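Colleague: There's a structure below that I have some questions on.
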Amino acid sequence: MIRFLLIFATFMLAILGQDTIEAPVITGNEDVTYTASLSNSHSSSIHGAVTVTPGSGGVGLLFRVFFTGLPEDAGPFPYHIHVLKVPSNGSCAAAGSHLDPYHRGEDPPCNSAEPATCQLGDLSGKHELAIVAPGVDNFSAEYTDFYLSDRQESIAYIGNLSVVIHASNGTRLNCGNFELDGHLTVPSTRRSSTSVASKTGAPSPSISASTSATPTRPSVVVDSAAKKSSTLSLETFITAIMTFFLL
């Protein structure tokens, strides 16, 4: 009986582990601008900024990303939103982990075709890694992320967080904090000859619309955090059953 219960519990927990929480599409974002400028520390060749404004109609956030000084031998470069601010000493190690309020974790890797199932802070996973062509050290991108917020009451709020850019092996190369500037005019950084689209060396064609991760379920637009499933209560139930029979 004990062996049966252990096998049953393992089976049920394995099923529970397959549950995927989809982040909701965020609406009602405010008309403000946040910019995370990477540190000007001499310890890193990488500089640049990530600028964030509300998406069209306040749905999601529009990201404009620009990095320069990317070393050829360290890419491609993941970059994420991290849960803590970078301290005054510029230590990127102090920025903590990725923004992940639904506890999705990093495994399995983010599937860019299903961005709602990724960690909220995994910008490069949902959209694209920062990749440069040989002889080019600049990367720029523009996209809408539908699952992040500039409202302080939201679980998806980015305003008090940071951005960290990594080497392909995970090393933190540079970082910066999001700072509010409600009056900043942001120039467009649509793809140019320095972006991924130009890896062949030829100039990139003009793109009339910014890239985005399309909402998994665009007909469902909500402005609050998704509710977690009843995984915890079911786990508790299974544990209670095992305890009853083992006593």
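The values are calculated or read from the model by the stated rules, or taken from the named source; none is laboratory data. Since we're looking at a predicted model, the values are computed, not measured. Glycine also receives a Cβ, built like all others from the backbone with ideal geometry; neighbour counts cover every protein chain displayed.
Colleague: Say we look at segment 125-172 and pick out the residues that are in contact with a His (Cβ under 9 Å, 6 or more places away or on another chain) and of a type in the set (D, E, K, R); which of these is farthest from ARG64 (Cα to Cα)?
Modeller: ARG172
Colleague: Which of the following residues is surrounded by fewer than 23 Cβ atoms within 10 Å (Cβ to Cβ), modelled with pLDDT of 95 or more, under 10 Å from the mean Cα position of the chain (by Cα) and not in a loop (DSSP other than H, G, I, E, B): SER124, SER140?
Modeller: Only one candidate qualifies: SER124.
Colleague: Out of everything in segment 20-45 that is surrounded by 11 or more Cβ atoms within 10 Å (Cβ to Cβ) and among the charged types (D, E, K, R), what residue ends up being modelled with the highest pLDDT?
Modeller: Filtering first and then ranking leaves GLU30.
Colleague: Anything in segment 48-61 that is within 30 Å of ALA74 (Cα to Cα) and either at pLDDT below 95 or small (Gly, Ala, Ser) (or both)? List them, or say none.
Modeller: Selection gives GLY48, ALA49.
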